[in-house]
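Quick notes on the structure that follows.
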Amino acid sequence: MERSRIVVLDFGSQYAHLIAKRLRMLGFYSEIALPSAPLSAFAQAKGIIMSGGPASVYDKDIPEFNKEILTLDIPVLGLCYGHQQMAACYGGRVGKAEVGEFGIAQLELTEAGRSSPLFRGVQQVSDTSQVWMSHQDEVLEAGEGFEVIGKTKDCRFAALQDRARKRFSLQCHCEVKD
């Protein structure tokens, strides 16, 4: 039985290996690649996850990112820094958060979030879920074509989607089980 291949782009997060491990535990074949990888690195991939990282997307010395990756017709999920990088690549705005979030936060789904394929199969007792945040930057304006599917008390754009392009992103770290 052949397993679906998911590629994790490592932007320097301490969680990139944890993301790959969680994917393997779910039955996927996962590989970690540099965000500068050529398109050939994604042959046969069923999806891509852009990890978090310690940089700010608006700094000068950030990890090199091959933006052509976003032209691929496969689902892409951005987490933390990956969430911010995706927003910036699609014309959104990222900057210093008025209030950084570190540790436990409550992610509240919007109306669009309630029907998002990103949350399909996630057991929901209410429209609020406990998540793990670790950020001082945030998306200040969503990119073109994106809609807000989740927010927290201090982060208006905590979860975004562009269903037409199969692009999803979360400010939180869903791979962490704290």
Of all strands (runs of 3 or more DSSP E) fully inside segment 1-113, the set with 1 or more residues that are open to solvent by less than 20 Å² (accessible area, probe 1.4 Å) and closer than 20 Å to L160 by Cα is 5-9, 45-50, 76-79, 93-109
Across segment 11-43, what is the total count of residues that are touching a residue at least 60 places away in the same chain (Cβ under 8 Å) and among the aliphatic types (A, V, I, L, M)?
2
Residues of segment 1-60 being of a type in the set (D, E, K, R) and under 21 Å from Q84 (Cα atoms), in sequence order, are D10, D59, K60
Subset of segment 114-136 that is hydroxyl-bearing (S, T, Y) and surrounded by 16 or more Cβ atoms within 10 Å (Cβ to Cβ) - its residue that is modelled with the highest pLDDT
S116
How many residues are under 14 Å from the mean Cα position of the chain (by Cα) and over 12 Å from E101 (Cβ atoms) if we restrict to segment 127-142?
2
Can you confirm whether F28 is over 14 Å from the mean Cα position of the chain (by Cα), aromatic (F, W, Y) and under 28 Å from L140 (Cα atoms)?
no
Is segment 70-78 home to any residue that is among the small types (G, A, S) and within 21 Å of V131 (Cα to Cα)?
yes
Consider Q171 against the criteria (1) open to solvent by less than 30 Å² (accessible area, probe 1.4 Å); (2) free of Cβ contacts under 8 Å to residues at least 60 places away in the same chain; (3) of a type outside the set (D, E, K, R): it satisfies all of them except one. Which criterion is unmet?
(2)
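The values are calculated or read from the model by the stated rules, or taken from the named source; none is laboratory data. Quick caveat, the model's predicted, so the values are computed rather than measured. Here the Cβ is made from the backbone with ideal geometry for all residues, glycine too, and neighbour counts use every protein chain on show. What goes into the accessible areas is simple: the full protein's heavy atoms, side chains included, and nothing from ligands, DNA or RNA. Shrake-Rupley method; radii C 1.70, N 1.55, O 1.52, S 1.80 Å.
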